[in-house]
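Heads up: the structure comes next, in structure tokens.
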Amino acid sequence: LVKEFSSLISPEPVVFVSFEIEKRSDIINNLCKIRKELEFSCPFFDFALLRYWEMTNPTALDDSFMNKFHKGFFVSLLDFVVELVGGPNATLDGEFTIPPIISPSAIIDFVNLVCRKFPQIQHNSLFKAISSTSPELLLEKLPKVLGVEIGHLVSLGKIEKPVFIFDAYQESQPYSESEEWLYHLIRAAGHGLYIITSREPLHWKDEGDSFIVHNLECYPEDEARILLEETIKNRSDLVDLIIESTQCLPIYIDLALNVYESEKTVVGEILIEKALFCDRHKLVHHFISHMKPSWQSVVMDLATIRIFNKDIFEHLVKSNMLDCAPYEYEMIIQSNLFSY
């Protein structure tokens, strides 16, 4: 999809980020995923992110994030400082050397040194504010900082209007506008096209025609057939069976393909048809892998029985002392395949 979409809108840049499964609700993890896909410099956001990391848990740094900037971070930041100080003809004295070890503390010390050395630079107050902000407030502001930086680069003509595809976004539970970090990032950016996929409906407030909602309940049958035939070759009978049994629902199609891959070597072709949805482990995994961990433990315990009602749910939560609130029962049964 991303490849085809990119060819349609070229030369606009397309940024694809998946929030699937692991740490799906972790704002910092999701912001890092976005940042690592951006090829342009975002010194304000990078500085704020590193400052947050330094104040909270410096041992939990994202290695791939740091590796991305290991060689180029200070160089781009030095160029940025030169531009702020006085353009390409500006000079920096010997104090401004790249430290031998790239670390959050080294970067923060470097920026603070620049702020002290050049109090007149335009963004001095912003860097100082980031340095003195509490971790809680900084976490709240990080999405807006990244959004503003993206929008600023577009308005200056330094980057084209970007196209973002955010896959498997998870809205806050229960819904809270202040918690919708992606909403605030997009609003702050103000430029570009943002495509957001989510298994549950979003409750974002629409201002004008900013948000257009499309519900994909199932693939068109012709498209589903093409997708299946790419994996299941020369077996039109099996493709027909899967289309009929899945009703072209995307998650069922995905499940059918995975089960086919695991069982296609079974001796006797008829066994594939009989076993297509009998792989209970894969069935359960695909049902619940995108859910919150506290929900997964409940559903896993109930996966082998057909009864799923509120009394059993509450008994299971209490008796096993699970981290799952009683009111979440309704949200669980309305999520994903339970609604089918």
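The values are calculated or read from the model by the stated rules, or taken from the named source; none is laboratory data. Keep in mind it's a predicted model, so treat the numbers as computed, not measured. As a convention, Cβ positions derive from the backbone with ideal geometry for all residues, glycine included, and neighbour counts pool all protein chains shown. Heads up: the accessible areas ignore ligands, DNA and RNA and are worked out on the full protein's heavy atoms, side chains in. Shrake-Rupley method; radii C 1.70, N 1.55, O 1.52, S 1.80 Å.
Count the net charge of all other residues whose Cβ sits under 11 Å from the Cβ of residue 248, scoring Lys and Arg as +1 and Asp and Glu as -1.
Taking every Cβ under 11 Å from that of residue 248, the sum is -4.
Run through segment 120-172 and list the trypsin sites (Lys or Arg not before Pro) located in a DSSP loop whose Cβ has at most 14 other Cβ atoms within 10 Å.
158
Cα gyration tensor of segment 105-198, axes a ≥ b ≥ c as square roots of the eigenvalues: rounded (a/c below 1.5), prolate (a/b > b/c) or oblate?
Cα axes put segment 105-198 in the oblate bin.
Only residues of segment 212-230 count here: report those whose backbone N is under 13 Å from the spot 7 Å along Cα→Cβ of residue 257, or say none.
Taking a point 7 Å out along Cα→Cβ of residue 257, the residues of segment 212-230 whose backbone N falls under 13 Å are 219, 223-230.
Can you list residues from other chains, or at least 5 along the same chain, whose modelled amide H is less than 5 Å from the amide H of residue 164?
Result for residue 164 returns 15, 193, 194, 195.
May I ask you to list the GluC sites (Glu not before Pro) in segment 188-247 that are in a DSSP loop and have at most 16 other Cβ atoms within 10 Å of their Cβ?
In loop regions of segment 188-247 (DSSP not H, G, I, E or B), the sparsely surrounded GluC sites (Glu not before Pro) are 207, 217.
Please give me the summed charge of the neighbours of residue 51: other residues whose Cβ is under 12 Å from its Cβ, Lys and Arg +1, Asp and Glu -1.
So the environment of residue 51 carries a net charge of -1.
Nearest 0.05, what FRET efficiency do residue 40 and residue 132 give at R0 = 22 Å with Cβ-Cβ as r?
0.25
Pairs to check: 282/318; 33/158; 36/205; 33/161; 36/144; 33/141. Give those whose C-alpha atoms are more than 25 Å from each other in this structure.
Those over the limit are 282/318; 36/205.
Looking at segment 157-188, which GluC sites (Glu not before Pro) are DSSP coil and have at most 16 other C-beta atoms within 10 Å of their C-beta?
160
Quick one: check the C-alpha center-to-center distance for segment 212-246 versus segment 164-184, whole angstrom.
30
Quick one: ranking 167, 311 by accessible area, 1.4 Å probe, largest first, what do you get?
The ordering from most to least exposed comes out as 311, 167.
List, in order, the whole-Hz ³J(HN,Hα) value for each residue of segment 176-185 obtained from phi through the Karplus relation with A = 6.51, B = -1.76, C = 1.60 and θ = phi - 60°; use x for Gly and Pro.
Working through the residues one at a time gives 8, 4, 5, 8, 7, 4, 5, 4, 5, 4 Hz.
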